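The structure appears right after this line, and notes come after that.
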Amino acid sequence: MKRFTLFDAAIAAFVIVLIPIAYGTWRLFRPPQPAIASVRRVDITKEERRIGGPNLVTKMKIQGSGFRPLLRATIDDVPAIGFVFENPNSADLMLGAIPPGVHDLVLYDGVQEVARAPKAVDIDPTPSVPATLRVHLDSPADVTRLVAVGDRDWTPSPNGAVVTAIDRDSLTVRVGAVPQDDGWQYYGEDLRPGVPFTLTTRRYVVKGVVLSVAMDEKK
């Protein structure tokens with residue numbers, strides 16, 4: 001039977017001393033747990049609209065603590081387009097189309113949920129006016145031949161485009177146009193002749209250029 005020597009005792013004591021040191025070091029240098037203090041809607045800049053395209057609908061400013069560049073965010077279970085880190089206490093949240101109502105904001109580090117703000121995001125229904133767009137198609141023929149009357153844009157918003165007529169090289173769509181100070185917009189893009197237009201469904205993505213816009217301002 002091996003005897004417990006003074007050397008063994010020294011090793012055991014050394015290990016016992018290391019345990020609180022290691023724990024203290026881990027506590028000292030581990031990243032702080034993210035916390036969400038407030039969420040508010042802010043304006044989307046022209047540069048952000050250019051980069052985000054028509055899918056970018058809403059921008060939120062998040063204030064709190066412990067934020068890190070690699071966090072990701074969801075609104076309920078809908079992923080955000082982007083989590084833009086500013087500093088440990090502030091970040092911007094870029095969102096696509098979110099159904100109207102009150103939603104939870106959830107932050108993840110990888111697959112682990114690290115912060116949640118229940119009912120922090122309130123999406124008001126945006127008042128809109130029906131608009132009819134005639135769009136010249138720029139996509140290849142093998143894509144445009146997939147388009148059918150009644151096709152709808154993938155977005156859950158009621159403002160999403162619906163195909164109402166198809167010609168050889170153009171189509172007509174009905175959309176919900178949102179009033180702006182200098183005109184009308186559809187998901188952050190100006191509605192006027194000459195601007196690009198994209199219809200995204202579960203089966204295809206077709207691109208074109210707006211030829212004409214007709215507004216129906218009757219409620």
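No value in this document is a laboratory result; all are computed from the given coordinates. Predicted model, so just to flag it, every value in this text is computed and none were measured. Here the Cβ is made from the backbone with ideal geometry for all residues, glycine too, and neighbour counts use every protein chain on show.
When each of the peptides 78-84, 139-145, 93-99 is scored by how many other beta carbons lie within 10 Å of its residues on average, the order from highest to lowest is 93-99, 78-84, 139-145. Between the beta carbons of ASP169 and ARG203, assuming R0 = 30 Å, the FRET efficiency works out to 0.90 to the nearest 0.05. Highest mean packing comes first when the peptides 127-133, 59-65 are listed by Cβ atoms within 10 Å, giving 59-65, 127-133.
A crude spin-label estimate for the pair ARG40 and VAL195, with each label 7 Å from Cα along the Cβ direction, gives 2.8 nm.
Take every Cα pair under 8 Å whose residues are at least 6 apart in sequence, average their separation, divide by the length of the range 139-213, and the relative contact order is 25 percent.
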